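In what follows, a structure is listed as structure tokens, so that the remarks can point back to it.
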Amino acid sequence: MTATATIPHSDIAFRRDGVGERAVVFMHGWIDDLHVWGPVIAALSAPGFETVRLDLAGFGDRTESNGPFTFDRFAADLLAVVDAVDKPFVLVGHSMAAPIVELVAAARPERALGLVLLAPIPMAGTRLPDTVIETFRSLAEADASAIQSMRQEAGPSAPEAELARIATVAARARPEVIRATANLWNNGHPAERPSGFAKPVLILTGSDDRIVTPEVVASAVVARLDSARTTAIAIEGSSHWPHIERPAAVAAEIDRFLVDSLATGALAAESNMTASPAPAHLTAPTQFVTANGIRYAYRRFGAERGTPLIFLQHFRGGLDHWDPAVTDGLAANRPVILFNNTGVASSSGQTPDTVEAQADDAATFIGALGLTNVDVLGFSIGGYVAQALTLRHPTLVRRLVLAGTKPRAGDDTDRHPDVNTVGTRHDIPTFEDFQFLFFAPSPSSQAAGERFWERRHQRTIDADPPTSRRTMQAQVAAITDWKQPHGKPFADLATITQPTLVVNGNRDVMVPTINSYILAQHIPNAELVVYPDSGHGALFQYPDLFVTHVTRFLDATVAFA
């Protein structure tokens, strides 16, 4: 169903498509019009939403609008539309519209469910040099052909017919409007920092955008928002107009944002709808954030308050290799963040072949989420990475949990000779592989392994893909390098000043238990816990006990009081 409505005593007309108890309201960017959203809207499939779109004053069918042409005026127009629609809404803004939709969402917090920002101009403006911004101002005197050429050069994958249409629309705009709005998005709006909006935000950028780069997004957009509720994703093969160049990809990400957020209650709880259960290990959606050209997959769930706990996974492990009994147990008192490092499973890129490089990538991921202080839980090779992360980025880590791991140049004397063969013989490690590597041979430990295996496979929707052979080989190389000392063995552990909890089973055949004693002896502020009749996966054999120990350690004002 399509309808056109108007705002009385104004030139504002807006288009409504579909039906739903909620609305997705689209606001176009500089020199475009409401019709640029057509292909995206046609590809949307999230149920329960109608779509709404309008022209900015001065553009599209509103070329005769009077000024002022300011962010506050544009926001007032959009406010009038969402008030007329009168239902909970998600706002989608492209480029110059990003500050506009943020201002409106902050002004209507009771009905604003979330924001989707495409190639967002920062609230503070782009602050381009005058010589550069003059190129955009000069379009005030350009004809449709010149405008089309400029857009074609900047967005070569955009459909030519759509570029021609947009150029014709832009050429109808008055010169003073184009110059005023070019200055506007360059100079920005004096809104507060941080943002006045604190609900879910999805940021979509073009992978080849030369205006809104990843650095701009991280420093001037994400930094203002609630990092716990902000996801940034790059749309591959697009520039500053991903919704024109890759409309299906943009629609898919918007659909995911709407469906996943509503399914987990993140949006529903903010309106007067019935909220679904809070996200947990089995239901938390896989999200993505891009930094340094790597698209990191992660899941965040648990309490909203507290220091976030970052999980660093074992050899060949991904998001779904954690035990829900452990992750959900620890999520009761803090935000829990599981993620795949570079090249692992659903994350892009090539896995580095040194632990130090993997630690730097972990720091990059943490920074991309806008986090400056975290707790870290590293298991097995994840424990190697956790140590390197703490040594190389000490201000980032508050407290450290090391499970089933060892220091650089640790003791492999009691390592079982079959570990390498069992750990690498299958493309996807089997139940039998895990039983041998993670659990002691006793009947009680093997039974605990069966229970862990059942818990681990409960998630069947939005499952993580297996890690590749290429990642396995890079991790083998990193493990091999970790065996070599850098200087005097264990000397670097003395510089780890963070409170550290070291945990292992008493019969670890992969990373011999003696290494846990070495860690506890050389890290100045460390406590050691060794569980009986258990192996490398002791944290999964005794999940409740492990959660109790880690919770006490992380929550205590003084770690070992």
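Using a 1.4 Å probe, what is the accessible area per residue for region 1-152, in Å²?
Details: 5520 Å² over 152 residues.
Solvent-accessible surface per residue comes out at 36 Å².
Placing unit charges on C-beta atoms (Lys and Arg positive, Asp and Glu negative, everything else neutral), compute the dipole magnitude of the chain about its Cα centre in debye, rounded to 20. Walk me through the numbers before you get to the answer.
Working: 46 positive and 61 negative charges, 145 e Å.
Rounded to the nearest 20 debye, it is 700 debye.
Which of 167, 287, 530 sits closest to the plus end of the dipole of the chain, meaning its Cα is farthest towards the positive end, when Lys and Arg get +1 and Asp and Glu get -1 on the C-beta?
530
Provide the convex hull volume over Cα atoms per residue for region 177-225, in Å³.
On the way: hull volume 5.3 nm³, N = 49.
In region 177-225, the Cα convex hull volume per residue is 109 Å³.
Kirkwood hydrodynamic radius of region 317-361 from all distinct Cα pairs, in Å?
On the way: mean 1/r = 0.0837 Å⁻¹.
Over region 317-361, the inverse of the mean reciprocal pair distance is 11.9 Å.
How many percent of Cα pairs in the chain exceed 39 Å?
Every Cα pair in the chain considered, those over 39 Å come to 34 percent.
Just want the answer: with Cβ charges of +1 for Lys and Arg and -1 for Asp and Glu, which residue in 23, 446, 342 is farthest toward the dipole's positive end in the chain?
The listed residue farthest towards the positive side: 446.
Given the peptides 501-509, 525-533, 421-429, arrange them by the average over their residues of other C-beta atoms within 10 Å, most packed first.
Numbers: 501-509: 24.0, 525-533: 17.0, 421-429: 14.6.
So the order, starting with the most tightly packed, is 501-509, 525-533, 421-429.
Write down the radius of gyration of region 1-52 and its Dmax, each obtained from C-alpha positions, in Å.
Spelled out, the Cα radius of gyration and Dmax of region 1-52 are 11.7, 35 Å.
Where both residues lie in the chain, what percent of DSSP beta bridges are antiparallel, nearest 5?
Working: 19 of 68 bridges.
Roughly 30 percent of the DSSP beta bridges within the chain come out antiparallel.
Can you give the relative contact order of the chain as a percent, counting alpha carbon pairs under 8 Å and 6+ residues apart?
Working: 1163 pairs, mean separation 59.5, N = 561.
Taking the mean separation of contacting Cα pairs over the length of the chain, I get 11 percent.
Under 5 Å between amide H atoms, partner at least 5 residues away or on a different chain: which partners does residue 29 have, H built in plane at 1.01 Å?
94
Tally Lys/Arg at +1 and Asp/Glu at -1 over every other residue whose Cβ is under 15 Å from the Cβ of residue 393; what's the total?
Values: positive: 392, 398, 399; negative: 356, 360, 361, 375, 492.
Overall, the nearby charge balance is -2.
The values are calculated or read from the model by the stated rules, or taken from the named source; none is laboratory data. Because the structure is predicted, anything quoted here is derived from the model rather than measured. Here the Cβ is made from the backbone with ideal geometry for all residues, glycine too, and neighbour counts use every protein chain on show. Remember, those area values only see protein heavy atoms, side chains included, never the ligands or the DNA or RNA. Shrake-Rupley method; radii C 1.70, N 1.55, O 1.52, S 1.80 Å.
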